[in-house]
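Structure first, commentary second.
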Amino acid sequence: MNTDSQGSARGRRAFLGLGVAAVPVATQVPGPRAGAPGDLPRTAEQALRRLRAGNRRYAEVHAEHPHESRQWRRAVAVAQHPFAVVLGCIDSRVPPELVFDQGLGDLLVIRTAGHVLDEAVLGSVQYSVEELGVPLVVVLGHERCGAVTAAVAHVRDGGRVHGHLARVVDAIAPAARASRFRPGDWVDNAVRTHIARVGAQVAGDPTVGRAAVVGARFDLDTGRVRFRRP
Ligand SMILES: [Zn+2]
């Protein structure tokens, strides 16, 4: 974890890294999961396993496109039991349902440019955790993110960003600044730093409750998602 994200990590929840073992034991959420299908992931660890398996299928071009049948549609029309929240970027190449090979009723998906946070995003996470009992929140960034590239350009060249986009760039700029003089590709370093920062901010929010928060980076070239240490 870099110092930047350490600074914003507060509260009792840790922003989890690679190790599934690091997922808190107390992630089983009673109540909203009652009546859910038997094979539903009920803990953050089980949810992560499901996502990893789905992404493996996607990356290997063996996607099963589960949970799209007429019968399944009828079942989820009356009750949903999603097992993870994915906060991702709007990028057209990174739709969470596809890259994790999940179907209807499986994921709650929140997408903003560069997966930046605002009150509506945090409220959506809170709803997912409190009302639906979702045990896992994934912050999904990706390679060659346009929003991160814009923030890096802004930090490098200065100048005024016009309109609403200024808010997006401002939210990513701290990650761009923090990764400026690191070895390697500036944009890619900023992507990783920004994932860690957003993850720490979500994990530090008191409304996230007992849900585990993990960071993840999607590789556009290989189709693989790596869950990452912040
Ligand atoms: Zn992006």
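Listed values, structure above:
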{"item": "Residue tally, condition buried (at least 24 other Cβ atoms within 10 Å of the Cβ), of a type in the set (V, I, T) and within 16 Å of the ligand (Cβ to nearest atom), over the stretch 130-171", "result": "4"}
{"item": "In the stretch 182-210, the residues that are in contact with a Ser or Thr (Cβ under 8 Å, 6 or more places away or on another chain), of a type in the set (V, I, T) and surrounded by 22 or more Cβ atoms within 10 Å (Cβ to Cβ)", "result": "T193"}
{"item": "For T207: the one exception among (1) in contact with a helix residue (DSSP H, G or I) (Cβ under 9 Å, 6 or more places away or on another chain); (2) at pLDDT 95 or above", "result": "(2)"}
{"item": "Boolean, S92 is without any contact (Cβ under 8 Å) to a residue 60 or more places away in the chain, closer than 18 Å to L140 by Cα, out of contact with any Cys (no Cβ under 9 Å at 6 or more places or on another chain) and of a type outside the set (F, W, Y)", "result": "yes"}
{"item": "Filter result for L104 (part of a helix (DSSP H, G or I), of a type outside the set (D, E, K, R) and under 28 Å from V202 (Cβ atoms))", "result": "no"}
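The values are calculated or read from the model by the stated rules, or taken from the named source; none is laboratory data. None of these values were measured; they are calculated from a predicted model. Note that each Cβ is placed from the backbone with ideal geometry, even for glycine, and that neighbours are counted across all protein chains shown.
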